[in-house]
Amino acid sequence: MKLIIHRGTKQIGGCVTEIEHNGYKVFIDYGEQLPGTITSDLPLIEGLTCGDISRSALFISHYHGDHIGKICDVPHDIPIYIGKTACEIYRCLEQRLTYIQDLTERNKHKKIVERINTFKTFTPLEKIKIGKITITPLMIDHSAFDAYMFIIEAEGTRLLHTGDFRGHGFRGSKLNKMLQKYASNINYIISEGTNVSRSNVAMQTERELQQDFENQFKQNKYNFVLVSSTNIDRIFSLYHAAKRAGRSFVCDNYQAEILKIVSKNHKRYTPFYDINYAQTENYAGRFFTLKKGIHSNSFLFSENFKNFLMKHGFCMLIRATEAFKPILAEYNAKIYYSMWNGYLDNQKQAYNPILHDFLSSYEIDYMHTSGHADTPTLRTVFKTVKPIGGIIPIHTEAPEKFQRLFGEIAPVITLYDGESFNCKLI
Ligand SMILES: [Zn+2]
Ligand SMILES: [Zn+2]
């Protein structure tokens, strides 16, 4: 079995991994580089973007742009696999972008939607065979919903590719039990290390963050939150925090559509994803969707609706667009910024000046926790999996730190982009 990380050995976004066995090729993720990254054009990849593609398949760990963004560069004949709910959410997101003004952008997103319509979907633990390679998806916790690690095995060699994951989300406590059960006899783990360069301390859990939001919502009547529309667990958490604080929950049509996908597919597993979208009599946690008027870019607010919000207070999800400015001006409340703060830091490559300018006229409270594993979690995972062959860093700016942090658990193998590594059975 041969492994090539075409991109991602020394950077966070745009990872592409290839695993080849007997002429068959499994690729994991094919995304855009993070905004602001000095772009290094990927050379053509045999079996993915050129040459014989008849024995190839692409697996997407989750729908973040740095893992899925380049799917339109992949020929139509290569099957693309993704989780079922992830596929529906990503389609909803991309479909919305087909309505934007800019014609080039609109056409780009139309093409993406067409490609999504050809996706093959899988469910957790469903084994998929590509030649003699077997791929088993393990569902994990990340700031994208329905995200996966993959076990890739052929003739006795077993690799675990972690995708992006964390241990401090709502499902984080199940991580080690799942690895003990399914990720035994792993030869090599290809592991993300986003936070290895950021900090060495344990992250605040999603549960603790939810409690903080609940406390804020109890103290403050009007609450605006800026959060990624596909950070599903965070949004359901905000809904429950609002409900417990006795506030209504308000979001736009598009956001409601995404939440309904998750409720439809997952509320049977846990009441966490169960929202009563019908307008109930009980005001606590009452769910409202904002609608725009015909030919209008602003939201409709009836007197009844306004009175209701005035009386009971709300948690409203906003976006950095003109449409939300009148509401923000009317209530003059602070905005909880619930995304990575690097987008607002002009020292960071991913700095987003539009977002920064939008927020500059409001009072901001930063309330967020990372979608990626902290160092203690990575250590626990490596100790649990015990990869005999070694740990191969990916999706990190500091692969060299792996040796110092985890070298006593297993050998650390740092590769170069494009380097071919023979995964020998050890
Ligand atoms: Zn991600
Ligand atoms: Zn990522």
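In the range 337-405, what GluC sites (Glu not before Pro) fall in a loop by DSSP, with at most 11 other Cβ atoms inside 10 Å?
Those that pass, being in a loop and sparsely packed, are GLU363.
Need one word for the range 182-296: rounded, prolate or oblate. Basis is the Cα gyration tensor (sqrt eigenvalues a ≥ b ≥ c); a/c below 1.5 gives rounded, then a/b vs b/c decides. Cα axes put the range 182-296 in the prolate bin. Each Lys or Arg adds one and each Asp or Glu subtracts one; over the other residues with Cβ under 11 Å from the Cβ of ILE388, this totals +3.
State whether the range 1-120 is rounded, prolate or oblate according to the following rule on the C-alpha gyration tensor (a ≥ b ≥ c being the square roots of its eigenvalues): a/c under 1.5 gives rounded; otherwise a/b larger than b/c gives prolate, and the remaining case gives oblate. Taking the square roots of the gyration eigenvalues as a ≥ b ≥ c, the range 1-120 is prolate.
Please identify every one of the trypsin sites (Lys or Arg not before Pro) in the range 334-426 that sits in a loop by DSSP and has no more than 11 other beta carbons within 10 Å of its own beta carbon.
LYS424
The simple Förster model, with R0 at 30 Å and r as the Cβ-Cβ distance, assigns GLN211 and LYS177 a FRET efficiency of 0.80.
The fewest-to-most ranking of PHE165, PHE213 by surrounding Cβ atoms within 10 Å reads PHE213, PHE165.
Backbone phi angles across the range 152-158, fed through the Karplus curve with coefficients 6.51, -1.76 and 1.60 (θ = phi - 60°), yield HN-Hα couplings of 10, 9, 7, 6, x, 8, 10 Hz in residue order; Gly and Pro are listed as x.
Positive contributions from Lys and Arg (+1) and negative ones from Asp and Glu (-1), summed over other residues with Cβ under 10 Å from the Cβ of LYS334, come out at -2. By other beta-carbon atoms within 10 Å, ranking CYS15, CYS87 with the fewest at the front produces CYS87, CYS15.
When only alpha carbons are used to place a centre, the range 296-334 and the range 238-268 end up 17 Å from one another. Projected onto planes of every orientation and averaged, the convex hull of the alpha-carbon atoms in the range 41-182 covers 9.9 nm².
Toward the positive end of the charge dipole of the chain, with +1 on the Cβ of Lys and Arg and -1 on the Cβ of Asp and Glu, the farthest Cα among SER228, ASN422, ASN352 is that of SER228.
I want the local charge near THR205. Using Cβ-Cβ distances under 15 Å, sum +1 for each Lys or Arg and -1 for each Asp or Glu among the other residues. Write out the running numbers ahead of the final one.
On the way: positive: ARG166, ARG171, LYS174, ARG207, ARG234; negative: ASP141, GLU206, GLU208, ASP212, GLU214, ASP233, ASP374.
It works out to a net charge of -2.
Can you list the equivalent-ellipsoid semi-axes of the chain, largest first and in whole Å, using the square root of 5 times each Cα gyration tensor eigenvalue? Intermediate results must be reported in sequence, preceding the final value.
Numbers: eigenvalues 299, 109, 82 Å².
Listed largest to smallest, the semi-axes of the chain are 39, 23, 20 Å.
When every Cα-Cα distance of the range 304-426 is counted in 5 angstrom steps from zero, the calculated P(r) takes the values 2, 8, 13, 14, 11, 10, 8, 8, 8, 7, 5, 3, 2, 0 percent. Were the residues from ILE354 through VAL113 laid out at 0.36 nm apart, the gain over their Cα-Cα distance would be 84.2 nm.
For the range 75-169, calculate the relative contact order in percent as a whole number, restricting contacts to Cα pairs under 8 Å that are 6 or more residues apart.
22
The magnitude of the dipole of the chain, with charges of +1 and -1 set on the Cβ of Lys/Arg and Asp/Glu and taken from the Cα centre, is near 1240 debye.
Which of rounded, prolate, oblate describes the range 43-109, given a ≥ b ≥ c as roots of the alpha-carbon gyration tensor eigenvalues and a/c under 1.5 marking rounded, otherwise prolate only if a/b is larger than b/c? The partial results should precede the final answer.
Working: a/c = 2.57, a/b = 1.49, b/c = 1.72.
Taking the square roots of the gyration eigenvalues as a ≥ b ≥ c, the range 43-109 is oblate.
We did not get these values from a lab; they are worked out from the coordinates using the rules stated. Predicted model, so just to flag it, every value in this text is computed and none were measured. When we count neighbours, we look across all protein chains shown, and the Cβ atoms used for this are built from the backbone with ideal geometry, even at glycine.
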